[in-house]
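These notes are about the structure you will find just below.
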């Protein structure tokens, strides 16, 4: 799984939330590969199953999702006016599509979870578990 947005790699991604031009809302499972590049105004998305993914959408839509960084930060992305740049194609690992979007209409929000909130406590626990499982190259626990 590869999650990269604005040149930063992330640990986990949410479901993808989509709003169509007709104000219809859809939710799709988390992709196993997503790359957002504001410099090129493109988003690359990969799914194993074509029919249960936003790859079936061939019209303009807005996209919202959030990601969790390796240090426990939650970042949300809201991308406006997404449209197909290349048709989805079958790859050996599933389906891949390239979309374009309007960077000036997009919003990125980075927030740090503090330990005082329930959400912060949950992700703090998750961070502790991750540090127990994965080796820490810097030699310190936080």
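The values are calculated or read from the model by the stated rules, or taken from the named source; none is laboratory data. Please read all numbers here as calculations on a predicted model, not as lab measurements. Counting neighbours? That spans all protein chains shown, and the Cβs are built from the backbone with ideal geometry, glycine included.
Inspection of the stretch 87-96 identifies no residue that is over 15 Å from residue 46 (Cβ atoms), surrounded by fewer than 19 Cβ atoms within 10 Å (Cβ to Cβ) and assigned by TED's automatic domain parsing to the domain that holds residue 31.
Looking only at the stretch 1-17, residues that are surrounded by 15 or more Cβ atoms within 10 Å (Cβ to Cβ) and not in a strand (DSSP E or B) come to 3 in all. Taken across the stretch 19-32, residues that are crowded, with 17+ Cβ neighbours inside 10 Å and closer than 19 Å to residue 87 by Cβ do occur, with at least one present.
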